[in-house]
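Taken together, the values in this text are just the output of simple stated rules run on the coordinates, not laboratory data. Only a predicted model underlies this, so the values are computations on that prediction, with no experimental measurement involved. Glycine gets a Cβ as well: all are built from the backbone with ideal geometry, and neighbour counts include every protein chain shown.
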Amino acid sequence: MALHLNEGGDDLVEAHEINVTPFIDVMLVLLIIFMVAAPLATVDIKVDLPASTAKPAPRPDKPIYLSIKEDHSLYLGNDPVSKEELGAALDRLTQADKDKTIFVRGDKDVNYDRLMEVMDALRGAGYLKIGLVGLETVQ
């Protein structure tokens, strides 16, 4: 009859592998967060923009859009704003940073007079950096 005695040795072998399951879980959570947050960063005001053949400039991280619809209503981002309260609304949005570029999106049926009134209101509020937004066309 044979007897096998355990001499106190450790039979468990150390695994030298990285467990990637927690990393995958974190990446999936981040993917879901970005999928939910991305649509919130866009402007949802429907404006019929005129087309341009100029080379597009690089887009800033958080652009500030001022939209002028066909009925001459103004929207700062997605919020309606009047011409009289435009300066105060921009100061709140930019934390009174007058060096921010304001991107004006005007419907192609808005007349030049109305566009100049809005640009004069921006200049009167101290915002001198104005960008005009148009559709890109391919030649």
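The phi torsions of segment 97-104, fed into the Karplus equation with coefficients 6.51, -1.76 and 1.60 and a -60° offset, translate into couplings of 8, 6, 8, 6, 7, 9, 8, 9 Hz, rounded to whole numbers, with Gly and Pro shown as x.
For GluC sites (Glu not before Pro), the sites in segment 55-131 that DSSP calls loop and that have at most 14 other Cβ atoms within 10 Å are E70, E84, E85. Placing a pseudo-label 7 Å from each Cα along the Cα-to-Cβ vector at D113 and D97 gives an inter-label distance of 3.7 nm.
Arranged from fewest to most other beta-carbon atoms within 10 Å of their beta carbon, D61, D71 become D61, D71. In terms of surrounding Cβ atoms within a 10 Å radius of their Cβ, S82, S73 rank from fewest to most as S82, S73. Of the listed values (i) 1.47; (ii) 1.29; (iii) 0.96, identify the label whose number matches Rg/Rh (Cα atoms, Kirkwood Rh) calculated from this model. The value computed from this structure is option (i).
Distant-in-sequence amide contacts of I64, defined by a placed amide H-H separation under 5 Å and a gap of 5 or more residues or a different chain, comprise F103. In the chain, helical runs assigned H by DSSP with n ≥ 4 each contribute -39500 (n - 2.57); averaged across all residues and rounded to the nearest 500, the mean residue ellipticity at 222 nm is -9000 deg cm²/dmol. Taking the chain as the reference, fit the longest principal axis to its C-alpha atoms, fit the long axis of helix 21-37 to the helix C-alpha atoms, and give the angle between the two in degrees, 0 to 90, nearest 10. With rounding to tens, the tilt is 10 degrees. Database remark: amide H of I130 closer than 5 angstrom to the amide H of I102 (H placed geometrically; neighbours at sequence offset of 5 or more, or on other chains; Pro and chain starts carry no H). Annotation: lysines with alpha-carbon distance below 16 angstrom to K108 (same-chain offsets under eight excluded): K46, K69. In this structure the amide hydrogen of V81, modeled in the peptide plane, comes within under 5 Å of the amide hydrogens of L74, Y75, L76, none closer than 5 places in sequence on its chain.
Straight-line reach from K62: taking Cα to Cα under 16 Å and skipping same-chain neighbours fewer than 8 places apart, the lysines in range are K98, K100, K129.
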